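The values are calculated or read from the model by the stated rules, or taken from the named source; none is laboratory data. Computed from a predicted model, the values in this text were never measured in an experiment. Positions of Cβ are generated from backbone atoms using ideal geometry, with glycine treated the same way; all protein chains shown enter the neighbour counts. The area values use the complete protein model at the heavy-atom level, side chains included, leaving out ligands, DNA and RNA. Shrake-Rupley method; radii C 1.70, N 1.55, O 1.52, S 1.80 Å.
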Amino acid sequence: MEKFGKSQSVLRREDDRFLTGRGQYVDDTAPQGALHGYVLRSSYAHGAITALETQEAEEADGVHLVLTAERLEKAGLSGKMEASLVKNQDGQLAPNTDRFLLAKDKVRFVGEPVAMVFADTYAQARVAADMIEFEVYDLPVHLALQPGGPILHDAAPNNVAFEWALGDSVQMEAVKAKAAHVVSFEIADNRIICNSMEPRGCWADIEDGRLHLCVNGQGVWSQKAQLAKMLGLSESEIRVTNPDVGGGFGMKAMAYPEYFLAAQAARMLNRPVRWMSDRSEAMLSDNGGRDLTSTATLALDADHKIIGYQVQTLANMGAYSGQFAQPIQTQLFSKVLTGLYDIPVAHLQVTGIYTNTTQVDAYRGAGRPEAIYVLERAMDYAARELGIDAWEFRRRNFIAPEKFPYKTASQVRYDVGDFGLVLDRLAQEAELEGFAARRAASAKKGLLRGLGLCCYIESILGNPTETSRVVFHADGQVDLYVGTQSGGQGHETVYAQYLADQIGLPAEQINVIQGDSDLIPTGGGTGGSRSATVQNSATLALVTVMTQAYKRFLAEYHRADPADVSFDDEVFRIAGSNVVFSWLDAANLAREAGHSALLDVTHAATLDDLSFPNGAHVAEVEVDPQTGHSKVVRYVIVDDFGYLLNPMLVEGQVHGGVVQGLGQAMMEHVVYDGNGQLLTASFMDYGMPRAADVPMFDFNSVVVPSTANPIGMKGCGEAGTIGSMAAVSNAVMDALASKGVTRADMPFTPQRVWSMLQNAG
């Protein structure tokens with residue numbers, strides 16, 4: 001059996017409906033007559049609630065229900081949300097901060113939900129929300145990324161969410177003491193907003209006595225389990241669906257208050273309700289990302305080999321402990337802590353700080369981009385300090401191919417890699433030898449040109465188990481049910497393409513069905529670059545099971561020895577005869593013979609190990625020293641994703657990721673004023689990259705197949721973002737270094753770059 005597929009750039013089948021406006025998103029699918037929900041949000045960053053009077057709103061035209069924390073408690077709900085906590089370095093569990101669906105007693109960030117109104121129309125719900133008497137006694141805000149200051153939670157008197165560590169600090173100190181060189185570098189990772197094309201939304205209804213929640217999330221089963229727990233229902237009483245989803249980025253993987261509130265309102269009113277966020281509301285209430293300040297220390301021997309690496313990070317966790325925030329900012333960070341380098345000793349310490357910002361911080365693959373960003377900025381800084389070529393410095397410290405499988409200092413097992421091969425290919429594709437001439441040409445125009453390199457690695461994460469289900473229909477159509485959820489990545493195409501390769505059917509006859517907890521028993525959802533690798537591995541396992549079952553059936557049907565029945569990815573054959581069956585022929589025989597179990601088959605598979613996509617990106621920028629305006633003018637990529645099922649989709653995914661990282665590096669930045677008010681709550685104030693801001697990308701791929709899964713894939717979901725943040729930042733730093741700039745933090749807006757140059761001068 002050809003496990004790897006045919007690696008063909010098949011056009012995306014879902015694009016036809018998306019580009020012609022026939023996509024079915026959550027707001028398109030709401031039931032007729034559904035009441036509209038509107039959330040009253042706090043305009044205070046921190047304060048004690050002194051009044052919350054809803055009677056006038058409840059009596060307003062069209063209003064059916066006003067939910068508050070008190071009303072939820074009267075309905076039998078505690079309203080307390082789940083939080084995932086890590087153990088501190090002293091072994092004690094990090095403090096649990098009570099967070100409720102609707103603010104109770106206190107508010108802790110601007111945009112925190114206080115009440116939710118449900119009315120016949122959106123306008124009526126909004127007008128009624130303005131009638132709610134909501135008063136707050138102002139309390140001091142805590143915005144600094146430091147412990148101490150005004151207390152947000154009694155459970156965390158120093159505003160410390162957690163203090164987590166990995167590795168041996170004593171050993172690290174010993175390594176630094178004997179090192180020939182010790183280089184320390186502080187770097188900030190600016191705060192950003194997700195800004196998915198489709199904002200968050202949901203609707204809820206009671207169907208045949210069961211609760212149906214439709215949400216534009218990244219999977220249905222986690223949401224279903226949390227709903228059951230919050231509402232006191234059995235999971236069998238709940239159906240969760242995801243329709244088309246316009247971007248997720250990890251931010252939509254979490255459960256948010258509005259989803260539980262809509263579900264509870266549908267139960268209380270016994271009628272459908274709907275809610276959709278607007279853009280500024282999303283900027284206030286979506287989980288944020290990044291916002292770290294890290295100090296990286298490299299200890300090196302006399303030959304510039306790294307013998308120890310230490311990172312101490314302060315992470316802005318927002319106002320509350322979230323469902324994924326703490327584990328993401330710690331354990332995911334550690335997966336790629338030492339990058340592609342053969343570093344024997346490492347020590348990581350992450351301290352999470354509560355601030356009066358957004359509700360929880362974690363998305364966009366939080367952990368891996370930050371880890372690689374810090375490491376690759378530190379590598380460039382050390383090379384500059386030590387007077388060694390940045391490319392040679394990396395080559396000298398790569399994990400050699402013969403050392404795989406390799407266990408990193410953070411006890412993570414890398415299965416395979418050839419990082420030198422990737423870097424050599426990048427030097428060739430980027431025409432590295434011609435950079436000096438390109439820099440000279442820029443100088444003639446009065447521009448500073450810089451080149452930046454990033455060598456990255458990431459890992460597929462999340463649930464290693466996934467489920468596939470295949471149903472054969474009499475009309476020749478085949479349904480493939482999957483446990484992941486597409487947010488625009490092209491899953492419908494790549495999953496159908498892979499199954500078609502395995503069973504010899506045209507992909508056009510395969511319908512990929514996702515996002516319905518009633519149709520497949522379990523699923524891990526989408527996130528952590530897991531989808532294509534884990535889901536297709538499950539499909540491969542299912543095909544293996546089906547192949548054996550059909551061989552037995554055909555042997556019995558033709559009175560042949562099962563060992564004489566074979567399948568060659570296109571047809572079944574029986575040795576010693578001219579009998580040939582396509583899979584649909586075999587399925588039709590099974591249907592005629594009453595073997596229904598062969599027509600609807602479900603199977604789950606678990607990956608035993610992670611795979612590690614890796615690559616190298618190089619960016620070139622031009623900076624105008626008179627204005628500070630910077631532009632990425634050249635960008636070359638070489639990635640190793642193992643076998644590619646659909647190279648075109650992979651390239652598109654990488655392009656999008658690069659633009660995302662470039663956006664953070666060049667313009668995206670969340671700003672709060674001293675009172676905790678978000679100053680970047682619209683696209684008038686928050687910069688987002690557009691086509692004119694990015695160059696054409698030169699995408700290249702090398703293939704070092706993973707040994708961690710039977711397909712040899714490695715995933716690619718966040719690779720573009722991970723590689724581009726440091727590549728662009730290092731390029732800007734390279735351009736500015738000639739003018740005496742020694743530290744350059746994102747975002748590189750004209751005003752910030754101009755100020756760096758003036759301060760250096």
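Out of curiosity, is Asp380 closer than 19 Å to Val702 by Cβ, open to solvent by 10 Å² or more (accessible area, probe 1.4 Å) and touching a residue at least 60 places away in the same chain (Cβ under 8 Å)?
no
Pick out, from segment 499-583, the strands (runs of 3 or more DSSP E) lying fully within it that include 1 or more residues that are under 30 Å from the mean Cα position of the chain (by Cα) and modelled with pLDDT of 90 or more.
So the answer is 510-513.
Would you mind stating whether Glu198 is over 30 Å from Ala744 (Cα atoms), charged (D, E, K, R) and either open to solvent by 20 Å² or more (accessible area, probe 1.4 Å) or modelled with pLDDT of 95 or more (or both)?
Yes; evaluated as a whole, the condition is true for this residue.
Any residue in segment 568-581 that's in contact (Cβ under 8 Å) with a residue 60 or more places away in the chain: show its pairings with residues that are in a strand (DSSP E or B) and hydroxyl-bearing (Ser, Thr, Tyr) at Cβ separation under 9 Å, as long as the two are six or more apart or on different chains.
Listed pairs, sorted by first residue: Glu570/Ser582; Val571/Ser582.
Given the options Gly37, Gly62, name the one that is in contact with a helix residue (DSSP H, G or I) (Cβ under 8 Å, 6 or more places away or on another chain), buried (at least 21 other Cβ atoms within 10 Å of the Cβ) and touching a residue at least 12 places away in the same chain (Cβ under 8 Å). Break it down stepwise before answering.
On the way: Gly62 fails: buried (at least 21 other Cβ atoms within 10 Å of the Cβ).
Unique residue meeting the criteria: Gly37.
Check off (1) closer than 30 Å to Asn700 by Cα; (2) of a type in the set (Val, Ile, Thr); (3) over 30 Å from the mean Cα position of the chain (by Cα) for Val601 and give me the number that stays unchecked.
(1)
What about Asp639, is it open to solvent by less than 60 Å² (accessible area, probe 1.4 Å) and either free of Cβ contacts under 8 Å to residues at least 40 places away in the same chain or acidic (Asp, Glu) (or both)?
Values: open to solvent by less than 60 Å² (accessible area, probe 1.4 Å): yes; either free of Cβ contacts under 8 Å to residues at least 40 places away in the same chain or acidic (Asp, Glu) (or both): yes.
Yes, satisfied.
Can you confirm whether Leu65 is at pLDDT 95 or above and of a type outside the set (Phe, Trp, Tyr)?
Judged against the criteria, Leu65 is a match.
If we scan segment 203-211, do we find a residue that is of a type outside the set (Val, Ile, Thr), open to solvent by 10 Å² or more (accessible area, probe 1.4 Å) and touching a Pro at 6+ places or on another chain (Cβ under 7 Å)?
Within segment 203-211 (the criterion being of a type outside the set (Val, Ile, Thr), open to solvent by 10 Å² or more (accessible area, probe 1.4 Å) and touching a Pro at 6+ places or on another chain (Cβ under 7 Å)), the answer is yes, since at least one residue qualifies.
Residues being in a helix (DSSP H, G or I) and hydroxyl-bearing (Ser, Thr, Tyr): count how many of those fall in segment 224-278.
Selection size over segment 224-278: 2.
From Val470, Val422, grab the single residue that is modelled with pLDDT of 95 or more, more than 27 Å from Ile399 (Cβ to Cβ), in contact with a strand residue (DSSP E or B) (Cβ under 6 Å, 6 or more places away or on another chain) and not in a loop (DSSP other than H, G, I, E, B).
Residue meeting the stated conditions: Val470.
Select from segment 657-691 the residues that are over 16 Å from Gly720 (Cβ atoms) and in contact with a Pro (Cβ under 9 Å, 6 or more places away or on another chain) and write down the one among them that is surrounded by the fewest Cβ atoms within 10 Å (Cβ to Cβ).
Gly687
If I filter segment 306-323 down to residues being out of contact with any Ser or Thr (no Cβ under 6 Å at 6 or more places or on another chain) and in a loop (DSSP other than H, G, I, E, B), which single residue comes out as modelled with the highest pLDDT?
Among them, the one singled out is Ala319.
Look at Leu77 and say whether it is open to solvent by 40 Å² or more (accessible area, probe 1.4 Å) and in contact (Cβ under 8 Å) with a residue 60 or more places away in the chain.
No; evaluated as a whole, the condition is false for this residue.
So, Ala262, is that one hydrophobic (A, V, I, L, M, F, W, C), open to solvent by 10 Å² or more (accessible area, probe 1.4 Å), closer than 24 Å to Ser486 by Cβ and in contact (Cβ under 8 Å) with a residue 12 or more places away in the chain or not?
No, not satisfied.
Taking the criterion of being surrounded by fewer than 18 Cβ atoms within 10 Å (Cβ to Cβ), farther than 22 Å from Gln24 by Cβ and polar (S, T, N, Q), would at least one residue in segment 220-243 satisfy it?
Yes: one or more hits.
Restricted to segment 700-709, and to residues that are of a type in the set (A, V, I, L, M, F, W, C) and surrounded by fewer than 19 Cβ atoms within 10 Å (Cβ to Cβ), which residue is farthest from Gly723 (Cα to Cα)?
Val703
From the list Gly365, Gly339, Gly417, which residue is in a loop (DSSP other than H, G, I, E, B), at pLDDT 95 or above and either under 17 Å from Ser294 (Cβ atoms) or over 24 Å from the mean Cα position of the chain (by Cα) (or both)?
Exactly one of Gly365, Gly339, Gly417 is in a loop (DSSP other than H, G, I, E, B), at pLDDT 95 or above and either under 17 Å from Ser294 (Cβ atoms) or over 24 Å from the mean Cα position of the chain (by Cα) (or both), namely Gly339.
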